[in-house]
1. Pick out, from H40, L17, I97, the residue whose Cα sits farthest towards the positive end of the charge dipole of the chain, with +1 on the Cβ of Lys and Arg and -1 on the Cβ of Asp and Glu.
2. Dipole magnitude of the chain about its Cα centre, charges +1 at Lys/Arg Cβ and -1 at Asp/Glu Cβ only, in debye to the nearest 20?
3. Please work out the FRET efficiency for the pair K5 and Q89, using the Cβ-Cβ distance as r and a Förster radius of 30 Å; give the result to the nearest 0.05.
4. Which value in nm describes the separation of the simple spin-label points at L28 and A56, placed 7 Å from the Cα toward the beta carbon?
5. Report the FRET efficiency, 1/(1 + (r/R0)^6), for S13 and D37, where r is their Cβ-Cβ distance and R0 is 30 Å, rounded to 0.05.
6. Spin-label point model (7 Å from Cα, Cβ direction): what's the Q70 to E102 distance in nm?
7. Report the net charge of residues surrounding H98, where surrounding means a beta-carbon distance below 13 angstrom and charges are Lys +1, Arg +1, Asp -1, Glu -1.
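Each value in this text was obtained by applying a stated rule to the coordinates, not by laboratory testing. Since we're looking at a predicted model, the values are computed, not measured. Methodologically, a virtual Cβ is constructed for each residue, glycine included, from the backbone with ideal geometry; neighbour enumeration extends over all protein chains shown.
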Amino acid sequence: MDLAKTYSKLRSSTGFLVGLISFIIFWLTISAFTGFDRDHGLINLSLSAEASISLAFFSMLQDRVDQKMQAQLDLLQQMIQKMNERDEQLLKIVADIHEEVETDGLH
């Protein structure tokens with residue numbers, strides 16, 4: 001399975017949010033009682049690193065979505081162009097038939 005998609009699904013889940021909030025509360029509680037990471041530099045670094053990694057994954061995922069959308073747009077443009085070409089052919093056939101009917105009607 002695609003790592004970016006998997007990470008995106010995990011990150012957008014309720015379990016991730018509960019886990020993240022629990023981690024932060026646990027960290028701050030340990031920090032308050034033991035004095036470990038009193039200036040909260042390590043937790044700040046941890047959360048910033050997680051946010052940076054998330055941004056990279058979401059950017060990769062968005063690039064893939066953009067590529068798929070561009071491919072679909074290109075295909076739709078080709079289809080419209082072919083439809084316009086067919087319409088022009090049909091209009092020419094109708095005009096030829098109309099001209100034939102007018103010419104036959106005059107003689």
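1. Selected residue: H40.
2. Numbers: 9 positive and 15 negative charges, 251 e Å.
For the chain, the charge dipole is close to 1200 debye.
3. Numbers: r = 44 Å, r/R0 = 1.46.
The computed FRET efficiency comes out at 0.10.
4. The two pseudo-label positions are separated by 2.8 nm.
5. On the way: r = 27 Å, r/R0 = 0.90.
Using R0 = 30 Å, I get an efficiency of 0.65.
6. The two pseudo-label positions are separated by 4.8 nm.
7. On the way: positive: K92; negative: D96, E99, E100, E102, D104.
Charge balance in the 13 Å sphere: -4.
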